[in-house]
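Each remark here refers to the structure printed beneath this line.
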Amino acid sequence: MTALIAVLVVLVILVLIALAMSIRIVRQYEKGVVFRFGRITGARDPGLRLIIPFADVMHHISLRIVTMPIQSQGIITRDNVSVDVSAVAYFRVVDAIKSVVAIENVNSAINQIAQTTLRKVVGRHTLDETLSETDRINLDIRQILDVTTTEWGVDVTLVELKDIQLPDTMKRAMAKQAEAEREKRAKIISAQGEALAASALGEASDTMMAHPLALQLRNLQSLVEIAVDKNSTVVFPAPLMSTIGELGSFLSREATAAAAPAPHPRPDTPDTQLATKSVHLPAPDPVHVPAPNGATRTP
């Protein structure tokens, strides 16, 4: 009786162990690929699944999108510029059986093929195209990867260039080019502004010539603008050309007056008579000085 109980206990334990070895849980984002004695029997959907112990082997394949960074690659562009380009690829398994049977390590394989494709595609473009046409480069890399990875049961959903490193000399050259481009645009805009201003000033001068009072109104407006700043100096604007003309006339009159000879006075004028009239004064009387010996001496 005791031996029978022991046998039953052993059988129950073996059944429990067999059940534990046969029960498999497949998660929602996975698929289970079952091999029976080395041959594929099919894929298992998510949920509780049973397999035959020691005969079946189940591989869990994730169907989620995988983010794979592509390490920086030293690439020479078509115009012989050395750049370092890094990218990132997004892919997902769409056929679990192919991803197990067709290739040994799908992640490593996609990483290697992505690096070589990145070098090949970027090397066909110039530096300017690489910097400005990243969308087209991303699409070309994705299309090339899709052709290869479809046989592996993998779908590449997205490829993006993440970083483009340029040599320092090229950075300085590009900075100078950008600065020159900015200066050119600034000069063009300034010249266009001067042309528009000149055109507007011409139209304004025509209007003022047709309406003379417009200039006086503009002068009054200038006085109002000056008075806003509370300046101690008040400037009265005047037409510049008329002021210059009046100044020129004044200087010419002064020069003419300075160059003319002085007039000669006539003889019959009182001043002339006074200047030419001679004055006759009477001679003084002689003075008699007595000499020491009693004689008289006239000096």
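Please compute the modelled spin-label separation between Leu217 and Leu50, points set 7 Å along Cα→Cβ, answer in nm with one decimal.
10.3 nm
Using a 1.4 Å probe and counting only protein heavy atoms, arrange Met170, Met209 so the residue with the most accessible area comes first.
Largest to smallest exposure gives the sequence Met209, Met170.
At a probe size of 1.4 Å, how large is the accessible area of Ile23, to the nearest 10 Å²?
Using a 1.4 Å probe on the heavy atoms, I get roughly 70 Å².
DSSP loop chymotrypsin sites (Phe, Trp or Tyr not before Pro) in segment 36-120 with at most 16 other Cβ atoms within 10 Å of their Cβ, which ones?
On the way: sites: Phe37, Phe54, Tyr90, Phe91; in loops: Phe37, Phe54.
Those that pass, being in a loop and sparsely packed, are Phe37, Phe54.
May I ask you to derive the FRET efficiency for Arg136 and Gln165 from their Cβ-Cβ distance with R0 = 22 Å, giving the value to the nearest 0.05?
Details: r = 20 Å, r/R0 = 0.92.
E between Arg136 and Gln165, to the nearest 0.05, is 0.60.
Solvent-accessible area of Ser82, probe 1.4 Å, all protein chains present, reported in Å² to the nearest ten, please.
Counting only protein heavy atoms, the figure is 70 Å².
What nm value, rounded to one decimal, do you get for the distance between Asp146 and Ala255 when each label is placed 7 Å out toward the C-beta?
A separation of 8.9 nm, rounded to one decimal place.
Over the Cα atoms of segment 31-136, each weighted equally, I'd like the Debye log10 I(q)/I(0) at q = 0.10 Å⁻¹, rounded to two decimals.
Rounded to two decimals, the profile gives -0.46.
The values are calculated or read from the model by the stated rules, or taken from the named source; none is laboratory data. Predicted model only: the values in this text are computed from it and were never measured. Cβ atoms come from the backbone with ideal geometry, glycine included; neighbour counts cover every protein chain shown. With ligands, DNA and RNA removed, areas are computed over all heavy atoms of the protein, side chains included. Shrake-Rupley method; radii C 1.70, N 1.55, O 1.52, S 1.80 Å.
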